[in-house]
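Presented below is the structure to which this report refers.
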Amino acid sequence: MGGTALRDRLKTHKEDPRSAKREARRRPLLPLVAHRGYALRYPENTRRAIRAALRAGARFVEVDVQLSSDGVPFLFHDRDLVRLCGVPGAIHERTCADLRRLRAAERKRFGRRFAREPIATLSDLVRILRRHPRARAFVEIKRLALERFGIAPVLDGIREVLRPVARRCILISFSKKFVLAARESGWRQVGAVLERWSDLRDARVRAARPEYIFCNVERLPRGGLRTGRARLVVYEVGEPGLARDLLKRGASLIETFAIREMAAAFSSPR
């Protein structure tokens with residue numbers, strides 16, 4: 001086959017959405033969550049990171065949400081803009097228009113490779129999820145946003161943006177009050193992020209009846225990992241052997257920055 005014909009055939013295959021959907025259906029459902037997208041290789045919480053995670057086979061992605069000063073939800077983890085954007089200040093101190101001019105380049109890790117990558121918005125996540133109907137998202141509402149704007153306004157704003165994909169989004173937070181409020185407001189699925197394992201006994205966590213419990217791998221107890229009816233998600237794990245051990249002990253999902261590498265390890269014969 002000639003070079004031009006080969007390129008045309010490859011191009012046609014790449015642009016065929018039906019092929020992508022068939023491939024997604026053939027992939028095994030891995031017990032993995034892409035932590036801030038494919039954050040090992042791309043600036044975290046960005047559109048590139050999320051898309052790359054889904055291409056790598058992730059069915060679950062986790063993102064962090066904070067609000068601009070005028071109430072627009074952005075995907076952002078840190079309390080300030082320094083590490084990701086190289087400028088001082090916080091998300092909630094800048095308007096949406098200001099934040100759209102910044103770049104989430106993570107230059108300390110990537111140099112100028114992603115110099116044009118914008119900070120993603122929650123609306124960006126919605127658009128990506130609509131193109132990936134089998135994907136689900138854990139949407140972590142950061143306490144800084146709740147402290148700044150209040151639980152009810154944040155919940156109302158998040159609900160409005162996520163409406164088109166709400167059934168595939170699980171709201172999670174370190175804030176027990178927020179998780180309980182989300183449950184009481186009728187949100188379909190919620191998750192509590194534990195600061196310590198003993199938080200499982202907290203009255204607000206028990207009242208919220210979360211479908212998911214998140215816990216840092218360094219804060220787990222020894223032995224079995226029992227969380228009642230809730231599914232346990234353990235983060236941050238980048239070593240396949242440790243991940244398999246945690247699954248044997250009772251974890252349901254493993255959250256990782258290295259989604260492609262972990263997916264490859266779980267997909268290949270042992």
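The values are calculated or read from the model by the stated rules, or taken from the named source; none is laboratory data. All values reported here derive from a predicted model rather than from experimental measurement. Don't worry about glycine lacking a Cβ; one is built from the backbone with ideal geometry, like all the others, and counts go over all protein chains shown.
So the check is Cβ under 8 Å with 6+ separation or different chains; which pairs have a first residue in the stretch 160-188 that's of a type in the set (D, E, K, R) and a second one that's assigned to a helix (DSSP H, G or I) and surrounded by fewer than 21 Cβ atoms within 10 Å (Cβ to Cβ)?
Filtered contacts from the stretch 160-188: LYS176/ASP199; LYS176/ARG204; LYS176/VAL205; LYS177/ILE151; LYS177/ARG204; ARG183/ALA207; ARG188/ALA166; ARG188/ARG167.
Which pairs have Cβ atoms under 6 Å, sit 6 or more apart or on different chains, and link a residue in the stretch 253-264 that is under 10 Å from LEU30 (Cβ atoms) and of a type in the set (A, V, I, L, M) to one that is assigned to a strand (DSSP E or B) and modelled with pLDDT of 95 or more?
Sorted first by the residue in the stretch 253-264, then by its partner, the pairs are LEU253/VAL33; LEU253/VAL233; ILE254/LEU32; ILE254/VAL234; ILE259/ALA34; MET262/LEU32; MET262/THR256.
State all residues of the stretch 214-237 that are buried (at least 19 other Cβ atoms within 10 Å of the Cβ) and in a loop (DSSP other than H, G, I, E, B); if no residue qualifies, say none.
LEU225, THR227, ALA230, VAL237
Here is a list: LEU171, LEU122, LEU162. Which entry is in contact with a Cys (Cβ under 7 Å, 6 or more places away or on another chain) and closer than 25 Å to ALA58 by Cα?
Details: LEU171 fails: in contact with a Cys (Cβ under 7 Å, 6 or more places away or on another chain); LEU122 fails: in contact with a Cys (Cβ under 7 Å, 6 or more places away or on another chain).
Going through LEU171, LEU122, LEU162 in turn, just one is in contact with a Cys (Cβ under 7 Å, 6 or more places away or on another chain) and closer than 25 Å to ALA58 by Cα: LEU162.
Would you point out which residue out of LEU194, LEU171, LEU200 is touching a helix residue (DSSP H, G or I) at 6+ places or on another chain (Cβ under 9 Å), closer than 25 Å to HIS132 by Cα and not small (Gly, Ala, Ser)? Break it down stepwise before answering.
On the way: LEU194 fails: closer than 25 Å to HIS132 by Cα; LEU200 fails: closer than 25 Å to HIS132 by Cα.
On inspection, the qualifying residue turns out to be LEU171.
May I ask you to say which residue of LEU40, LEU67 is closer than 24 Å to PHE178 by Cα and buried (at least 20 other Cβ atoms within 10 Å of the Cβ)? Show your work before the answer.
Numbers: LEU40 fails: closer than 24 Å to PHE178 by Cα.
Step by step, each of LEU40, LEU67 is checked, and only LEU67 is closer than 24 Å to PHE178 by Cα and buried (at least 20 other Cβ atoms within 10 Å of the Cβ).
Restricting to the stretch 78-127, name every residue that is more than 24 Å from LEU54 (Cα to Cα) and among the β-branched types (Val, Ile, Thr).
Residues satisfying the conditions are VAL82, VAL87, ILE91, THR95.
Answer yes if at least one residue in the stretch 239-251 is in a loop (DSSP other than H, G, I, E, B), surrounded by fewer than 17 Cβ atoms within 10 Å (Cβ to Cβ), touching a Lys or Arg at 6+ places or on another chain (Cβ under 7 Å) and of a type outside the set (D, E, K, R), and no otherwise.
First, the residues of the stretch 239-251 that are in a loop (DSSP other than H, G, I, E, B): 239, 250-251.
Right, trim to surrounded by fewer than 17 Cβ atoms within 10 Å (Cβ to Cβ) and you get 239, 250.
Among the residues that remain, those that are also touching a Lys or Arg at 6+ places or on another chain (Cβ under 7 Å) are: 250.
Now narrow it down to the ones that are of a type outside the set (D, E, K, R): 250.
Yes, that holds for at least one residue.
Can you tell me which residues in the stretch 253-270 are at pLDDT below 95, small (Gly, Ala, Ser) and not in a helix (DSSP H, G or I)?
The one that is at pLDDT below 95, small (Gly, Ala, Ser) and not in a helix (DSSP H, G or I): SER268.
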